[in-house]
1. State whether the residues of segment 35-54 include one that is under 14 Å from Pro7 (Cβ atoms) and in a loop (DSSP other than H, G, I, E, B).
2. Taking segment 1-21 as the region of interest, how many residues are under 11 Å from Glu56 (Cβ atoms) and near the ligand (Cβ under 6 Å from one of its atoms)?
3. Take Ile35 and tell me if it is modelled with pLDDT of 95 or more and buried (at least 18 other Cβ atoms within 10 Å of the Cβ).
4. Restricting attention to segment 28-49, which residues are closer than 14 Å to Ile11 by Cα and of a type in the set (A, V, I, L, M)?
5. Any chance you could count how many residues in segment 6-34 are assigned to a helix (DSSP H, G or I) and touching a strand residue (DSSP E or B) at 6+ places or on another chain (Cβ under 7 Å)?
Amino acid sequence: MRVHVDPELCIGCGICEGDAPEVFSLATSTVAQVIMDPVKPEFEADARLAVGDCRESAISIEDGDE
Ligand code: SF4
């Protein structure tokens, strides 16, 4: 599984980083960066939680690639 953040939609709220700090980071940018690609199976649930919690719908999932 891979995740992608659309920088045009992301407002840098940090919710995704709170849900899945191993997968998303705002340490180096004002928009979320994906720091685990592909997402390891043990972090997929956290990543999916972040997708659901992102109010801007900025995170997309690409399945079948793990
Ligand atoms: Fe950006 Fe969505 Fe993450 Fe907020 S939750 S930082 S809008 S990708």
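The values are calculated or read from the model by the stated rules, or taken from the named source; none is laboratory data. This is a predicted model, so every value here is computed, not measured. We place every Cβ from the backbone using ideal geometry, glycine too, and count neighbours over all the protein chains shown.
1. Residues of segment 35-54 under 14 Å from Pro7 (Cβ atoms): 54.
Narrowing the set further to residues that are in a loop (DSSP other than H, G, I, E, B) leaves 54.
Within segment 35-54, one or more residues are under 14 Å from Pro7 (Cβ atoms) and in a loop (DSSP other than H, G, I, E, B).
2. Residues that pass the stated criteria total 7.
3. Answer is no for this residue.
4. Val31, Ala32
5. Going through segment 6-34 one residue at a time, the tally reaches 2.
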